[in-house]
Amino acid sequence: MFGKRDARKPLAKIDTLIGVGTIIEGDIRFSGGLRIDGTVKGNVEAADGAAASTLILSEQARVEGNVAVAYLVNNGTVVGQVSVAECLEMQSRAKIVGDVEYSLIEMHQGAVVEGRLVHGANKLVELKLAASN
């Protein structure tokens, strides 16, 4: 309870929300936490030095572009390359169409990747089954 924060878990704070029905055309650079419930037609990436950046994609979310963040919790759709420096959690309705580079990955039953899974260079491989929580 009072110990260190689990480095595999994203930060809980959301600084920015892109709501359902919102369509953004263009790249997004952010720091902190970003939740997308709408559509982004462009790249989504953490600003320089944002090692604790967290991107959450809801079931309604769609990103048509590349994603580069520290933590990604995905339950939506990404059409593009995905690069996650720390931890990628793919929930049951998650879909990625493109190659995925990750350090740590958790995939729930039903999640889909149409591309290659590439473990980040020189990092320890750790796969965790969602059912083993």
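None of the figures in this text is laboratory data; all of them are computed from the coordinates on show. Here the structure is a predicted model, which is why all the values come from computation and not from measurement. No Cβ is skipped: glycine too gets one built from the backbone with ideal geometry, and neighbour counts run over all protein chains shown.
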Worksheet item: Under the condition of being of a type in the set (A, V, I, L, M, F, W, C), under 14 Å from the mean Cα position of the chain (by Cα) and in a loop (DSSP other than H, G, I, E, B), which residue from the range 12-49 is farthest from T77 (Cα to Cα)?
Response: A12
Worksheet, complete the sentence: G32 fails exactly one of (1) at positive phi; (2) surrounded by 24 or more Cβ atoms within 10 Å (Cβ to Cβ), namely (2)
